[in-house]
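Peer 1: Just dropping this structure here.
The values are calculated or read from the model by the stated rules, or taken from the named source; none is laboratory data. No experiment lies behind these values; they were computed from the predicted model shown. Cβ: placed from backbone, ideal geometry, glycine included. Neighbour counts: every protein chain shown. Ligands, DNA and RNA are excluded from the accessible area calculation, which covers all protein heavy atoms including side chains. Shrake-Rupley method; radii C 1.70, N 1.55, O 1.52, S 1.80 Å.
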Amino acid sequence: QVQLVESGGGLVQAGGSLRLSCAASGSIFSINTMGWYRQAPGKQRELVASIGTGGSTNYADSVKGRFTISRDGAKKTMDLQMNSLKPEDTAVYYCKLITLGRVYWGQGTQVTVSP
């Protein structure tokens with residue numbers, strides 16, 4: 001059974017930085033895609049950034065130039081470095097893994113950016 005555990009969320013002032021981490025455990029096929037999604041109150045969950053096994057990345061326009069996604073295949077971890085945070089980045093951030101046609105989600109970690 002695959003499990004994803006996020007960490008690193010918290011409260012930060014606008015302009016600050018946070019680093020989120022996602023640790024995967026269980027049997028994971030070597031070819032997969034991982035990503036970060038977020039959901040703000042009253043809004044739909046949206047893609048923040050994703051990264052493939054080969055390192056190809058994709059970012060939402062709203063975070064380009066501010067957020068950086070990375071992964072370590074050997075350690076089965078994925079990070080999201082968030083800089084220049086804005087109040088509109090406030091949301092619950094979720095880790096997602098897609099492998100062999102199956103989708104797994106973490107439990108989420110709260111990020112709150114104060115003005």
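Peer 1: Mind checking which pairs have a first residue in the stretch 9-21 that is modelled with pLDDT of 95 or more and a second that is part of a strand (DSSP E or B) and of a type in the set (Gly, Ala, Ser), Cβ under 6 Å, 6 or more apart or different chains?
Peer 2: From the stretch 9-21, the pairs are 13/114; 21/7.
Peer 1: Okay, moving on. If residue 26 satisfies all but one of (1) exposed (fewer than 13 other Cβ atoms within 10 Å of the Cβ); (2) at positive phi; (3) touching a residue at least 24 places away in the same chain (Cβ under 8 Å); (4) under 16 Å from the mean Cα position of the chain (by Cα), what's the number of the condition it fails?
Peer 2: (4)
Residues are listed down the side, and each one gets a yes or a no for (1) touching a Cys at 6+ places or on another chain (Cβ under 8 Å); (2) within 15 Å of residue 103 (Cα to Cα):
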site: 17; (1), (2): no, no
site: 29; (1), (2): no, yes
site: 32; (1), (2): no, yes
site: 36; (1), (2): yes, yes
site: 43; (1), (2): no, no
site: 48; (1), (2): no, no
site: 56; (1), (2): no, no
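Peer 1: Go through the stretch 80-115 and report how many residues are part of a strand (DSSP E or B) and closer than 17 Å to residue 46 by Cα. Let's see the steps before the verdict.
Peer 2: So in the stretch 80-115, the residues part of a strand (DSSP E or B) come out as 80-82, 91-99, 102-105, 109-114.
When the remaining residues are screened for being closer than 17 Å to residue 46 by Cα, the result is 80, 82, 91-98, 103-105, 109-112.
So the answer is 17.
Peer 1: Residue 43 fails exactly one of the following numbered conditions: (1) open to solvent by 20 Å² or more (accessible area, probe 1.4 Å); (2) under 11 Å from the mean Cα position of the chain (by Cα); (3) at pLDDT 95 or above. What is the number of that condition?
Peer 2: (2)
Peer 1: Is it fair to say residue 72 is over 19 Å from residue 86 (Cα atoms) and either in contact with a Phe, Trp or Tyr (Cβ under 6 Å, 6 or more places away or on another chain) or surrounded by fewer than 13 Cβ atoms within 10 Å (Cβ to Cβ) (or both)?
Peer 2: Values: over 19 Å from residue 86 (Cα atoms): yes; either in contact with a Phe, Trp or Tyr (Cβ under 6 Å, 6 or more places away or on another chain) or surrounded by fewer than 13 Cβ atoms within 10 Å (Cβ to Cβ) (or both): yes.
For residue 72, the condition - over 19 Å from residue 86 (Cα atoms) and either in contact with a Phe, Trp or Tyr (Cβ under 6 Å, 6 or more places away or on another chain) or surrounded by fewer than 13 Cβ atoms within 10 Å (Cβ to Cβ) (or both) - is met.
Quick grid of which residues meet (1) open to solvent by less than 60 Å² (accessible area, probe 1.4 Å); (2) modelled with pLDDT of 95 or more:
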{"position": "51", "(1), (2)": "yes, yes"}
{"position": "54", "(1), (2)": "no, no"}
{"position": "60", "(1), (2)": "yes, yes"}
{"position": "66", "(1), (2)": "yes, yes"}
{"position": "82", "(1), (2)": "yes, yes"}
{"position": "88", "(1), (2)": "no, yes"}
{"position": "92", "(1), (2)": "yes, yes"}
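Peer 1: Looking at the stretch 94-103, which of the residues that are of a type outside the set (Lys, Arg) and over 20 Å from residue 70 (Cα atoms) is surrounded by the fewest Cβ atoms within 10 Å (Cβ to Cβ)?
Peer 2: From the stretch 94-103, those of a type outside the set (Lys, Arg) are 94-95, 97-101, 103; that's our starting set.
Subset that is over 20 Å from residue 70 (Cα atoms): 100-101.
Numbers: 100: 9, 101: 6.
Out of the qualifying residues, it is 101.
Peer 1: Is it the case that the stretch 61-78 has a residue that's in contact with a Lys or Arg (Cβ under 9 Å, 6 or more places away or on another chain) and touching a residue at least 40 places away in the same chain (Cβ under 8 Å)?
Peer 2: Yes, the conditions are met somewhere in the stretch 61-78.
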